[in-house]
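Just passing along the structure, written as structure tokens.
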Amino acid sequence: MISKKQVMEGLETVLVPGVMRSVVRMNLVRKLDINDGKIDITLASTALVPGTQEWLKSKINNIVSGFTGVSEVNINVVDTTLKDLNQIGNVVAIMSGKGGVGKSLVASLAAMALTRCGYDVGILDADITGPSIPRMFGIGDRPSGSDTGLLPVTSKSGIEIMSINLLLPSEDDAVIWRGPLIGRAITQFWEEVLWGKLDYLIVDLPPGTADAPLTVMQQLPVSGIIIVFTPQDLTAMVVRKAVKMAQQMGKPILGVVENMSYLYVPEINKQIELFGKSKAKDMALAAGAPLLGQLPIDPALAKLCDEGNIERYDSDTYNAFAHNLTEAFHCGKKTAGQMKKGGRDARS
């Protein structure tokens with residue numbers, strides 16, 4: 001006797017073209033009925049062009065009809081709102097009061113840590129005028145979709161990404177917009193993108209405490225904030241403004257990260273504090289949150305980012321940050337039965 005579990009396991013192998021996640025992970029399976037060998041499946045058509053819909057129906061029919069005991073397969077397609085399809089467990093904003101401290105880097109490393117831990121993760125690049133996430137992940141594909149929604153682009157390890165740079169004719173084109181337009185773009189990335197089922201959506205905020213961060217705080221259900229800073233006295237002063245904004249908006253600060261904390265010179269086995277003495281403990285105290293990590297200036301990491309291969313990065317300091325991050329999020333590692341195969345390569 002065919003079971004719903006068997007059918008859903010079969011549907012997990014059907015990947016949505018363009019995003020390369022299964023119809024189950026994208027939450028496109030709206031209904032599944034089994035009656036005396038007859039299987040009725042209802043799919044959402046949201047963000048899918050007609051050609052993709054037909055391809056998915058054919059693929060699903062071929063897989064499901066091959067199960068023992070199946071006599072008939074009917075696949076229906078219905079219109080569904082993105083609000084009904086998107087199921088995001090936690091929205092985490094990466095914030096700082098100052099530019100150039102490495103928010104995008106920390107957002108990327110945080111997403112990688114959670115993905116390696118077995119979670120479904122996405123990155124919403126809210127830095128509309130200074131987007132850098134696609135370059136670090138080596139992504140140049142334009143998002144696909146339809147008039148009902150956009151599909152994010154998926155990285156090599158399976159992280160969903162949406163950024164304004166993926167929509168521009170050239171990544172070098174400048175976005176010269178006033179605040180309201182920037183805020184609207186961020187809201188559209190939240191409301192008009194098919195994220196599907198995600199455990200975590202990481203939001204990379206632009207610097208400061210003005211329109212864009214305010215839009216995220218007010219329009220998105222932010223679960224918590226990670227504050228990023230560097231050791232300089234000036235930076236610490238400005239970042240305290242971001243801490244106060246988060247507190248005034250009632251958003252919990254999950255932790256703080258000191259980036260560019262030092263430069264390690266292996267030839268002399270010494271850590272050089274290029275930007276002054278660490279402010280890590282002081283900032284953690286000011287934020288009332290744990291210190292998640294002190295990330296060094298790492299030429300190897302910079303090279304991987306420039307090459308679009310940040311997902312290959314590994315180091316002791318990064319592993320310590322990843323451990324502290326998952327501890328702060330109370331997520332821990334998934335069991336073997338809960339772990340998914342991640343990335344395009346693993347799922348192709």
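The values are calculated or read from the model by the stated rules, or taken from the named source; none is laboratory data. This is a predicted model, so every value here is computed, not measured. Backbone-built Cβ (ideal geometry, glycine too); neighbour counts: all protein chains shown.
Under 7 Å between Cβ atoms, which residue pairs at least 6 apart in sequence (or on different chains) link something in segment 25-53 that is farther than 17 Å from VAL70 by Cβ with a partner that is assigned to a loop (DSSP other than H, G, I, E, B) and hydroxyl-bearing (Ser, Thr, Tyr)?
From segment 25-53, the pairs are ARG30/THR80; ALA44/THR80; THR46/THR80; THR46/THR148; ALA47/THR148; GLN53/SER45.
I would also like to ask the following. Are there any pairs, at least 6 apart or on different chains, whose C-beta atoms fall under 8 Å, with the first in segment 294-308 and over 15 Å from MET260 (Cα atoms) and the second part of a loop (DSSP other than H, G, I, E, B), and if so, which?
LEU304/TYR313; GLU307/GLY138; GLY308/GLY138; GLY308/ILE139
crowded, with 22+ Cβ neighbours inside 10 Å and assigned to a helix (DSSP H, G or I): which single residue out of ILE60, ILE41 fits that description?
Going through ILE60, ILE41 in turn, just one is crowded, with 22+ Cβ neighbours inside 10 Å and assigned to a helix (DSSP H, G or I): ILE60.
Oh, and also: List, please: which pairs have Cβ atoms under 9 Å, are six or more places apart or on different chains, and start with a residue in segment 254-282 that is in contact (Cβ under 8 Å) with a residue 40 or more places away in the chain and of a type in the set (Asp, Glu) and end with one that is surrounded by 11 or more Cβ atoms within 10 Å (Cβ to Cβ) and not in a strand (DSSP E or B)?
GLU273/PRO231; GLU273/SER261; GLU273/TYR262; ASP282/ALA236
A further question on this structure: Tell me whether segment 295-302 contains one or more residues that are under 23 Å from LEU201 (Cβ atoms), in contact with an Asp or Glu (Cβ under 8 Å, 6 or more places away or on another chain) and at pLDDT below 70.
Scanning segment 295-302 turns up no residue that is under 23 Å from LEU201 (Cβ atoms), in contact with an Asp or Glu (Cβ under 8 Å, 6 or more places away or on another chain) and at pLDDT below 70.
Determine whether segment 176-191 contains at least one residue that is in a loop (DSSP other than H, G, I, E, B) and either surrounded by 19 or more Cβ atoms within 10 Å (Cβ to Cβ) or at pLDDT 95 or above (or both).
No, there is no match, as no residue in segment 176-191 is in a loop (DSSP other than H, G, I, E, B) and either surrounded by 19 or more Cβ atoms within 10 Å (Cβ to Cβ) or at pLDDT 95 or above (or both).
Being touching a strand residue (DSSP E or B) at 6+ places or on another chain (Cβ under 6 Å) and assigned to a strand (DSSP E or B) is the filter here, so list the residues in segment 266-290 that pass it.
Across segment 266-290, the qualifying residues are GLN271, ILE272.
Okay, moving on. Looking at segment 213-224, can you tell me whether even one residue there is more than 18 Å from ASN90 (Cβ to Cβ), of a type in the set (S, T, N, Q), in contact (Cβ under 8 Å) with a residue 40 or more places away in the chain and not in a helix (DSSP H, G or I)?
The answer is no; no qualifying residue exists.
What tally of residues in segment 152-168 results from selecting those that are touching a residue at least 40 places away in the same chain (Cβ under 8 Å), outside any strand (DSSP E or B) and over 19 Å from ALA212 (Cα atoms)?
So the count comes out to 6.
I'm trying to understand the selection: among the residues of segment 204-231, which are at pLDDT below 90 and closer than 11 Å to LYS98 by Cα?
Residues satisfying the conditions are PRO206, PRO207, GLY208, THR209.
Still on this structure, I have one more. Which one of these does GLY51 not meet: (1) outside the structural domain of ALA126 (by TED's automatic domain parsing); (2) touching a strand residue (DSSP E or B) at 6+ places or on another chain (Cβ under 7 Å); (3) surrounded by fewer than 19 Cβ atoms within 10 Å (Cβ to Cβ)?
That leaves (2) as the condition not met.
Taking strands (runs of 3 or more DSSP E) that fall entirely within segment 72-142, which contain at least 1 residues that are closer than 25 Å to LEU167 by Cβ and either basic (Lys, Arg) or in the same structural domain as TRP195 (by TED's automatic domain parsing) (or both)?
The strands (runs of 3 or more DSSP E) meeting that bar are 87-95, 121-125.
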